[in-house]
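Structure first, commentary second.
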């Protein structure tokens with residue numbers, strides 16, 4: 001729906017959601033979001049608006065008149081809770097888009113999350129850092145290094161001023177700084193930052209957690225680019241092993257659930273869902289990381305069969321978890337082929353076992 | 001900005017943090033995770049033990065810079081080698097670390113590295129298991145130090161199995177692996193046997209047999225002798241005197257060959273005991289005399305004292321009181337010169353008993369005689385307690401026998417006591433008697449007769 005800025009009521013300035021210029025278009029669904037052009041509306045729709053459109057109505061509408069103080073406070077609280085949920089949603093979406101390599105689309109989501117975060121926590125809060133980091137990463141992906149550095153510097157400054165900042169945030173910050181330096185070609189500095197990332201992530205989650213594996217993966221990429229293949233190889237192996245173990249655990253939980261009678265009730269269901277600890281961003285990360293390693297391994301001339309088999313098996317399990325049975329089977333078959341004649345019996349046995357599970361899945 | 005932030009943070013961060021960063025920066029992620037896990041393990045242990053424990057105030061690994069540096073150096077070297085699939089280099093680096101922490105007294109760390117050493121040896125090929133044998137040896141001795149003897153024995157067995165076909169493997173100190181494995185196994189089985197001897201005597205005997213077999217195989221004569229001695233004693237205790245004697249004699253032979261006077265003494269002593277238990281007192285006396293001889297010539301005062309004591313006991317039970325008193329007094333004198341309170345008291349009592357036995361016959365005769373000179377002598381004896389019963393009476397004039405009012409009662413009372421004592425004292429004085437002697441004064445010569 002088109003608008004004319006001149007016909008706005010006096011004192012009301014409607015600005016574009018993305019670029020903060022005077023708006024000429026209004027979203028026809030929620031009627032609370034404005035854009036300067038169709039391109040921006042499209043970008044926002046693809047990036048984040050699609051998901052949050054209906055939720056924005058409540059947040060942006062003018063407050064209704066509430067006669068009692070109690071009710072006003074109640075509404076305030078509800079709004080705050082909703083905004084927090086929005087922060088989480090937009091951030092996860094942004095992160096997921098980043099892992100899928102759609103940096104352009106990640107920007108609106110990150111902007112949205114930053115806006116909500118400022119709204120809830122204020123300008124100098126540590127809570128803003130994750131949004132800055134997503135923005136920074138998106139900018140790196142888009143090749144806008146100066147802009148990325150600005151965002152990351154902002155984030156780093158906030159972290160430095162907040163001594164009680166959690167290790168998880170620190171780890172993310174250092175990971176992004178590492179990526180920035182890697183993009184700039186300053187490999188040594190990049191390695192230093194990634195090392196810091198791994199250290200903090202290990203402090204928070206332990207050395208062999210999937211949230212730590214990201215640091216290893218980026219480090220491996222840097223070594224790969226430096227041509228230090230032996231180090232990169234060892235790191236890639238570590239990453240695939242971490243993912244492999246994690247996925248194996250999830251698959252075990254999933255395939256075990258049918259043993260429990262379904263009549264028991266909601267408690268059992270809840271438990272199994274908690275065990276399936278892969279959120280959207282992590283799923284995207286797994287797909288990206290494992291496929292990258294798989295490609296690398298396939299083109300590696302002197303690879304060990306075991307490495308390739310393990311990656312294949314991990315991918316098969318991943319697609320199984322994502323309910324893409326077709327792909328899961330494809331990779332499972334590859335894993336069987338490569339693990340044949342391998343001395344590691346344990347691996348081939350689990351692969352075969354897993355394939356059996358796949359078969360039952362199709363018939364079921 | 002980059003170098004600026006780097007230099008600042010290197011002052012800001014803890015030593016451990018910087019060390020980890022250095023390792024990670026060069027891609028040594030395995031070393032990092034191992035070190036990290038070790039530090040975490042120690043911290044968890046500390047929390048588990050709580051603030052009252054000794055460990056709470058101990059300096060933690062993460063603050064011990066020298067150790068951290070050492071760890072970093074060898075771990076990264078090991079990882080470097082691992083990347084090149086050079087497993088024996090990995091083994092050596094881990095072994096170095098284990099040795100280092102052994103020297104600093106960090107048992108848990110040296111255990112960890114010995115264990116990982118052994119794991120590494122799974123991957124080493126081309127040396128026919130030599131490193132693997134070493135690994136088993138190290139883990140075995142680490143477990144032995146921890147007191148986990150059964151598990152240690154398992155590792156030593158594995159070590160032995162690897163070493164038995166390769167007699168050409170020689171250690172730095174000239175021992176072959178095979179010999180060392182045998183020695184270790186023999187030692188560990190002896191220890192296990194000692195541990196369970198109270199509860200499971202049969203099993204203990206089995207372990208001792210194993211120990212003896214391995215000692216035999218090791219070719220170390222003294223060790224063989226020692227295990228034979230232990231085995232002999234165990235057999236003796238279980239009542240199989242024949243087998244016991246066989247092993248004990250083997251021990252005696254070994255000691256004779258090596259001129260180990262202490263060992264000969266021990267062997268003779270044990271053999272004598274075994275014979276005594278079988279009732280072959282003559283042989284027992286022979287070996288005890290040998291024991292006395294050996295310990296006299298070797299200046300073994302303690303052994304001599306014991307030998308004399310045992311001989312005294314046997315003679316006492318045989319009724320040869322002359323010899324018994326002689327040996328007991330000898331034992332007593334030696335004990336006095338050594339200042340060993342316990343054996344002084346024991347021998348004092350035994351000497352008294354033997355003495356009393358000796359006087360018994362004369363005393364009885366006098367009582368039966370019942371004439372005046374004999375009564376006078378009895379009274380005289382009551383006064384000064386010296387043994388003059390053997391002396392001929394000056395005038396053999398016969399007087400009418402008086403009714404011996406207190407004396408017969410005394411003799412009737414006294415007769416069973418010495419025989420009782422005899423039975424008890426064949427091996428060792430009972431504690432009851434020892435206690436009694438402490439209260440006694442120097443008039444030990446006829447205590448048992450007079451005082452009771």
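Since every read-out is calculated from the coordinates, none of them should be taken as a lab result. Please read all numbers here as calculations on a predicted model, not as lab measurements. For neighbour counting, all protein chains shown are included, and Cβ atoms are generated from backbone atoms with ideal geometry for every residue, glycine included.
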I'd like the mean, over residues of A:195-207, of how many other protein chain beta carbons sit within 10 Å of each residue's own Cβ. 5
Taking only Cα atoms of region B:319-384, the Rg to Rh ratio with Kirkwood Rh works out at 1.14
Distance from the Cα centre of region A:288-320 to that of region B:97-155, in angstrom? 35 Å
What order do you get for B:88-95, B:106-113, A:3-10 when each peptide is scored by the mean count of other beta carbon atoms within 10 Å, highest first? B:88-95, B:106-113, A:3-10
Between residue B:196 and residue A:208, the two model label points (7 Å from Cα along the beta-carbon direction) sit apart by a distance in nm of 3.5 nm
Using a 10 Å cut-off on Cβ atoms, rank the peptides B:45-58, A:166-179, A:76-89 from the highest mean neighbour count down. A:166-179, A:76-89, B:45-58
How many angstrom separate the Cα center of region A:137-153 from the Cα center of region A:99-118? 13 Å
Note down the nm distance, to one decimal, between modelled labels 7 Å out along Cα→Cβ at residue A:66 and at residue A:8. 2.8 nm
Candidates A:140, A:52, A:198: whichever shows maximal mean-square fluctuation once chain A is modelled as a Gaussian network with Cα springs under 10 Å: A:52
Report relative contact order for region A:128-169 in percent, whole number only (criteria: Cα-Cα under 8 Å, sequence separation at least 6). 43 percent
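Dividing the convex hull volume of the Cα atoms of region A:148-233 by its residue count, what figure in Å³ per residue is obtained?
That works out to 78 Å³ per residue.
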Residues of A:181-192, mean number of Cβ from any other protein chain within 10 Å of their own Cβ, rounded to a whole number? 2
Taking the Cα centroid of region B:214-287 and of region A:50-73, what is the distance between the two, rounded to the nearest whole Å? 99 Å
For n ≥ 4 DSSP H runs only, could you compute -39500 (n - 2.57) per run for chain A, divide by its residues and tell me the 222 nm figure to the nearest 500? -24000 deg cm²/dmol
The value for region B:71-212 (convex hull of the alpha-carbon atoms, volume per residue, Å³) is 108 Å³
So, relative contact order of region B:127-219 in percent, Cα under 8 Å, 6 or more apart, is 23 percent
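Roughly how crowded by other chains is peptide B:19-25, in terms of the mean Cβ count from those chains within 10 Å of each of its Cβ atoms? Walk me through the intermediate numbers first.
Details: counts 1, 6, 8, 2, 3, 12, 11.
For peptide B:19-25, the averaged partner shielding equals 6.
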Computed label-point distance, nm, for sites residue B:383 and residue A:327 using a 7 Å Cα→Cβ extension: 12.3 nm
